[in-house]
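Every number here is computed from the coordinates shown, using simple stated rules; none is lab data. Since this is a predicted model, take the numbers as computed values, not measurements. Counting neighbours? That spans all protein chains shown, and the Cβs are built from the backbone with ideal geometry, glycine included.
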Amino acid sequence: MHDIDLEYLIIGEGKRILVLETGIGNSFYSWLPFIDTIKKEYTIILYHRAGYGKSAISKH
């Protein structure tokens, strides 16, 4: 795996972990209102894939 600078957020305090991968052309910021409703039950990891949001573009 090559090092790449990915934009991510970790929100919540739950023991269960939920990883959210958004679709093409979408941002994880649009999920924040929903995340706010489940953050007590889950720890949520949101990230932008390479080239999306503030994530660097992959060189490979």
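Within the chain, which strands (runs of 3 or more DSSP E) (wholly inside it) include 1 or more residues that are among the basic types (Lys, Arg) and touching a residue at least 12 places away in the same chain (Cβ under 8 Å)? Spell out the reasoning first.
Details: elements: 8-12, 16-21, 42-47.
Counting at least 1 such residues, we get 16-21.
If you scan the range 1-44, which residues turn out to be within 15 Å of Ser55 (Cα to Cα) and either loosely packed, with under 10 Cβ neighbours inside 10 Å or acidic (Asp, Glu) (or both)?
Scanning the range 1-44 gives His2, Asp3, Asp5, Glu7, Glu21, Gly23, Ile24, Gly25.
Can you name every residue in the range 1-48 that is of a type in the set (D, E, K, R) and within 8 Å of the chain's Cα centre (by Cα)?
Glu7, Glu21 - these are the residues of the range 1-48 that are of a type in the set (D, E, K, R) and within 8 Å of the chain's Cα centre (by Cα).
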